[in-house]
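Visitor: Here it is, the structure, as structure tokens.
Quick note: the coordinates plus some simple rules give every number you see, no bench work behind them. Predicted, not measured: the structure shown is a model, and the values here were computed from it. Here the Cβ positions follow ideal geometry from the backbone for every residue, glycine too, while neighbour counts run over all protein chains shown.
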Amino acid sequence: MNNKIKKIINKKNKSKIICLTAYSKNIAEEVDNFADITLVGDSLGSVLYNYNTTRKVTLSNMIEHSKSVKMGIKKSLMVVDMPFNTYNSKSDALKNARKIIKETRCDAVKLEGGKKIINQINYLIKNNIPVMGHLGVLPQSIKGKFKSTGKTNHEKRKLLNDSILLEKSGVFAIVLECIKTSTAQQMTEKLKIPTIGIGSSKYCDGQVLVTDDLIGLNNTKVRFVKKFVNIKKYIKLGLKKFRTEVKLKKYPSQKHSY
Ligand code: KIV
């Protein structure tokens, strides 16, 4: 097993795991200083391309952004989302995961789902592809309105069963998205592998957020997002200064000219 993956598993019950998204080199360089896991999420579909669903994200979208991200990474574990329709069968999953890993040199892939895709996950792991799981709200499967989960006994039982199945298959961590606090806590306590929460309470072993959301670059109104800084303020400041200096013929000075 990859050393970075071992380290992440060993953090369970010791130190919270930090996971952040990146879609390009410059952000990846910053994320890499703070994150254990850099995730090239298919959330790039909505954040960068304004898609109303991650289902529109293609394999080549993911590969091109991941190649850029890879250039910014020195130490964190790089995980790439397998986009919708790329793991419908065992052979598709393996063919596409191998392509992602070969072309982007990432460390692992992430797939959304439990029992429904367990054959694909088992097959990837049997073929030495490291996999991160993703349970709870599954953006690639959303039809209609977004709704948190893990509230009814049925949902809770299904999530617990799915997480145990994923652990048995050998995934090294599971993202828990928008799962009721007590259910996420129970899943975290039951599993030996870490859970990485997004909108699933502080009881998870780690947390993930879309970097563009937490720095205020992307305007999103979902409950679990906290804006830790308003980066737009600084962007505006820089752009305004540039415009003013150009208009006043202060920029470029001789120092910035040849
Ligand atoms: O696509 C993504 O960015 C994700 C995270 C938000 C977990 O899957």
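Visitor: If contacts are Cα pairs under 8 angstrom and at least 6 residues apart, what is the relative contact order of segment 3-227 in percent?
Guide: Result for segment 3-227 is 19 percent.
Visitor: With θ set to phi - 60°, apply the Karplus curve 6.51 cos²θ - 1.76 cosθ + 1.60 along segment 66-73 and write out the HN-Hα couplings as whole Hz, x wherever there is a Gly or Pro.
Guide: Running phi through 6.51 cos²θ - 1.76 cosθ + 1.60 with θ = phi - 60° gives 5, 4, 5, 4, 3, 5, x, 9 Hz.
Visitor: Also, I was wondering about something else. Put a dot 7 Å past each Cα toward the Cβ at Lys233 and Tyr51; how far apart are the dots in nm?
Guide: So the label points at Tyr51 and Lys233 sit 3.4 nm apart.
Visitor: Does segment 1-122 classify as rounded, prolate or oblate by the C-alpha gyration tensor (a ≥ b ≥ c root eigenvalues; a/c under 1.5 gives rounded; else a/b over b/c gives prolate, otherwise oblate)?
Guide: Oblate, since a/c reaches 1.5 and b/c is not below a/b.
Visitor: Working out 0.36 nm times the residue gap between Ser141 and Lys247, then minus their Cα-Cα distance, what length gain in nm do you get to one decimal?
Guide: Result: 33.1 nm gained on full extension.
Visitor: Calculate one ³J(HN,Hα) per residue across segment 99-104 by plugging θ = phi - 60° into the Karplus curve 6.51 cos²θ - 1.76 cosθ + 1.60, and present them in order as whole Hz with x for glycine and proline.
Guide: 4, 4, 5, 5, 7, 10
Visitor: Evaluate Rg over Rh across the chain, taking Cα atoms for both radii and Kirkwood's formula for Rh.
Guide: We get a ratio of 1.03 for the chain.
Visitor: Any idea what the dipole of the chain comes to, in debye rounded to 20, about its Cα centre with Lys/Arg Cβ at +1 and Asp/Glu Cβ at -1?
Guide: The calculation lands at about 580 debye.
Visitor: Check which residues have an amide H placed less than 5 Å from Gly133's amide H, if you skip close sequence neighbours.
Guide: For Gly133, whose amide H was placed from the backbone, the distant partners under 5 Å are Phe172, Ala173, Ile174, Val175.
Visitor: So what is the relative contact order of segment 1-67, in percent, for Cα pairs below 8 Å that sit 6 or more residues apart?
Guide: Relative contact order comes out at 25 percent.
Visitor: Determine ³J(HN,Hα), in whole Hz, for all residues of segment 41-58 in sequence, where each value follows from phi through the Karplus function 6.51 cos²θ - 1.76 cosθ + 1.60 and θ = phi - 60°; x replaces Gly and Pro.
Guide: These are the phi-based 3J(HN,Hα) values: x, 6, 4, 4, x, 7, 5, 9, 10, 6, 5, 8, 8, 6, 5, 7, 6, 9 Hz.
Visitor: Take each of the peptides 187-200, 156-169, average the number of other beta-carbon atoms within 10 Å over its residues, and list them starting from the highest.
Guide: 187-200, 156-169
Visitor: Using a Gaussian network model on the chain with a 10 Å cutoff between Cα atoms, which of Val210, Val47, Val229 fluctuates the most?
Guide: Val229
Visitor: Still on this structure, I have one more. Just going by the charge dipole of the chain, with Lys and Arg at +1 and Asp and Glu at -1 on Cβ, which of Gly114, Asn219, Leu165 is farthest out on the positive end?
Guide: The residue sitting farthest along the positive end of the dipole is Asn219.
Visitor: So if each residue of separation counts as 0.36 nm, and I subtract the Cα-Cα distance between Asn3 and Lys126, what length gain in nm does that give?
Guide: Stretched fully, the Asn3-Lys126 segment lengthens by 42.4 nm.
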